[in-house]
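Below: the structure, in structure tokens.
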């Protein structure tokens, strides 16, 4: 599932094509994705001007000129692709929503597994929507830092990996970047969250921000279905230090043939965690 860097990359890629543009035509090829689409979805969007795009957690938000906000989540297999005029292949079976702008560009939302979603909500009610009301601070925003993170985890009895993945603690972090941040902070994913002292929590918060920024600069991580809005792959998967590298040498403390310093995998809360038992304590 695309995480914060991938969604941020998609949002930034869409900005030149959508901000300030009129949605001249909206084609809705089915009534639902993961959830039913709003009533009269296409009609309510047709003719609207997109004032600005933003991201919250793993959602892309389009603020419209009528006070409404269109937001979507890519789910497991969703992708958004920009197609200039004259470069449009025939619609595929899984191209479910098509936006045509007054710039003569087409933005297609394709989702083979239909785990993504789209919704419309008024801007004044956005923070109270069930998708957003319980979200924690944005890790790349001014509201997230070491002291804030420490307060969020200091009483938590779950492992620190689960705490990072808790969207109420910090928004937008998924399995890949939780593994990477813990490894680079040299913290064991099995540590109980409340066992971290202030200095460790501050280091982890800083590392989370750094990992996310570097991933965004690389266009995110392409794993399975994710591509940027331009259709290009992300490249951050080539920089992973532990994720998906079970049995390989730890890039922090190991070398080829180092018997102890190899990446291992364990199951935590139904997900694979990749870590180095030698340097993560």
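Within the option set 194, 161, 199, being over 30 Å from residue 109 (Cα atoms) and buried (at least 21 other Cβ atoms within 10 Å of the Cβ) holds for one residue only, 161. Report yes if residue 147 is touching a helix residue (DSSP H, G or I) at 6+ places or on another chain (Cβ under 8 Å), over 30 Å from residue 39 (Cα atoms), surrounded by 16 or more Cβ atoms within 10 Å (Cβ to Cβ) and in contact (Cβ under 8 Å) with a residue 40 or more places away in the chain, otherwise no. No: the conditions fail for residue 147.
Please work out which residue is modelled with the highest pLDDT, limiting yourself to region 213-239 and to residues that are crowded, with 21+ Cβ neighbours inside 10 Å, assigned to a loop (DSSP other than H, G, I, E, B) and out of contact with any strand residue (DSSP E or B) (no Cβ under 6 Å at 6 or more places or on another chain). If we take residues in region 213-239 being crowded, with 21+ Cβ neighbours inside 10 Å, assigned to a loop (DSSP other than H, G, I, E, B) and out of contact with any strand residue (DSSP E or B) (no Cβ under 6 Å at 6 or more places or on another chain), then 219 is modelled with the highest pLDDT.
In region 9-90, counting only strands (runs of 3 or more DSSP E) that sit wholly within it, the ones holding 3 or more residues that are under 20 Å from residue 127 (Cβ atoms) and not assigned by TED's automatic domain parsing to the domain that holds residue 164 span 50-56, 59-64, 68-73.
Within region 164-186, if we keep just the residues that are under 20 Å from residue 252 (Cβ atoms) and surrounded by fewer than 23 Cβ atoms within 10 Å (Cβ to Cβ), the residue that is modelled with the lowest pLDDT turns out to be 175. Of the residues making up region 105-115, at least one is more than 21 Å from residue 59 (Cβ to Cβ), in the same structural domain as residue 33 (by TED's automatic domain parsing) and either buried (at least 17 other Cβ atoms within 10 Å of the Cβ) or at pLDDT 95 or above (or both).
Surrounded by fewer than 19 Cβ atoms within 10 Å (Cβ to Cβ) and touching a residue at least 24 places away in the same chain (Cβ under 8 Å), is that true of residue 124? It is true that residue 124 is surrounded by fewer than 19 Cβ atoms within 10 Å (Cβ to Cβ) and touching a residue at least 24 places away in the same chain (Cβ under 8 Å). A single entry from 79, 52, 56 fulfils the requirement of being closer than 23 Å to residue 136 by Cα and either modelled with pLDDT under 95 or surrounded by 16 or more Cβ atoms within 10 Å (Cβ to Cβ) (or both): 56.
The values are calculated or read from the model by the stated rules, or taken from the named source; none is laboratory data. This structure is a prediction, so every number in the text was calculated from the model and none was measured. With ideal geometry, Cβ positions are generated from the backbone for all residues, glycine too; neighbour counts draw on all protein chains shown.
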